[in-house]
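Step one of this worksheet: look at the structure below.
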Amino acid sequence: MSRLLPLIACALLFTACEGMEAPVAGLEVGEVLASGPEPLEFLTPEARQSLYAQLILASRDEDGLPAQDTPVLFVMGTDEGLLGAPALPASVDLLQTPASADRVAVRLDADFRQWPDERCECLQGLSEREAAELVARSLLWHWELEVDREVVVERAVGAPYAAAWIDGILRLNPALLYLASAPGLRAGPASALSGR
């Protein structure tokens, strides 16, 4: 019997941990964005992948919608007001930036909300700061924004959106970075930055 106790304890612990995963699987993207990035570090890559897929699908459904009537996850400020930003491709990897996107100067330290420099495994080995730079350049390129000056990228923790381009400032919810790093979990972005 004493030999079985450790096995029973492990089985109970495993069952308890499995049970804790169930509420996470039912999370909606809006809840995740509002709660901040910290809880995302504890989600499985599959759960983050699923949330990222929801986010990309929402970007297609919200393309051009007035944001005053219905909240959108990707916001674009235009002369006509706030609209849903142009849809992102279904298989977009926001950590992969085209070479032409490197020409845009981005500034990540313009306000008091600093982007953390500590590298994180769940961000494919990048820091939030490095991931934010890649995602910012990728979004600017996918949205075909012509900018002739430095783009300020603000850290918008708990914002109800994933990203917003308003008045020439790109506001990124850091939760987007953790979701964008899930698909494929490739080593490409981290290795590309380390060569700088």
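The values are calculated or read from the model by the stated rules, or taken from the named source; none is laboratory data. As the structure is a computational prediction, the values presented were derived from the model and not from experiment. Because the Cβ atoms are built from the backbone with ideal geometry, glycine has one as well, and the counts that use them run over all protein chains shown.
Cβ-Cβ distances below 7 Å connect the following pairs, each with a first residue in region 80-101 that is free of Cβ contacts under 8 Å to residues at least 24 places away in the same chain, a second residue that is surrounded by 19 or more Cβ atoms within 10 Å (Cβ to Cβ) and part of a loop (DSSP other than H, G, I, E, B), and a separation of six or more residues or different chains: Leu83/Ala67. Could you please tell me which pairs satisfy a Cβ distance under 6 Å, a separation of 6+ or placement on different chains, a first residue in region 61-75 that is surrounded by 14 or more Cβ atoms within 10 Å (Cβ to Cβ), and a second residue that is of a type in the set (S, T, N, Q) and assigned to a helix (DSSP H, G or I)? Taking only residues 6 or more apart or on different chains, the pairs are Phe74/Ser59. Determine whether Val32 is of a type in the set (A, V, I, L, M, F, W, C) and not in a loop (DSSP other than H, G, I, E, B). So Val32 passes the test.
Set side by side, the residues Ala90, Ala58, Ala34 differ, and just one is modelled with pLDDT of 75 or more, under 17 Å from the mean Cα position of the chain (by Cα) and surrounded by 17 or more Cβ atoms within 10 Å (Cβ to Cβ), which is Ala58. Within region 121-170, restricting attention to residues that are under 12 Å from the mean Cα position of the chain (by Cα) and in a strand (DSSP E or B), the residue that is modelled with the highest pLDDT is Ala163.
All of Leu140, Leu172, Leu145 fail the test of being free of Cβ contacts under 8 Å to residues at least 24 places away in the same chain and hydrophobic (A, V, I, L, M, F, W, C), apart from Leu145.
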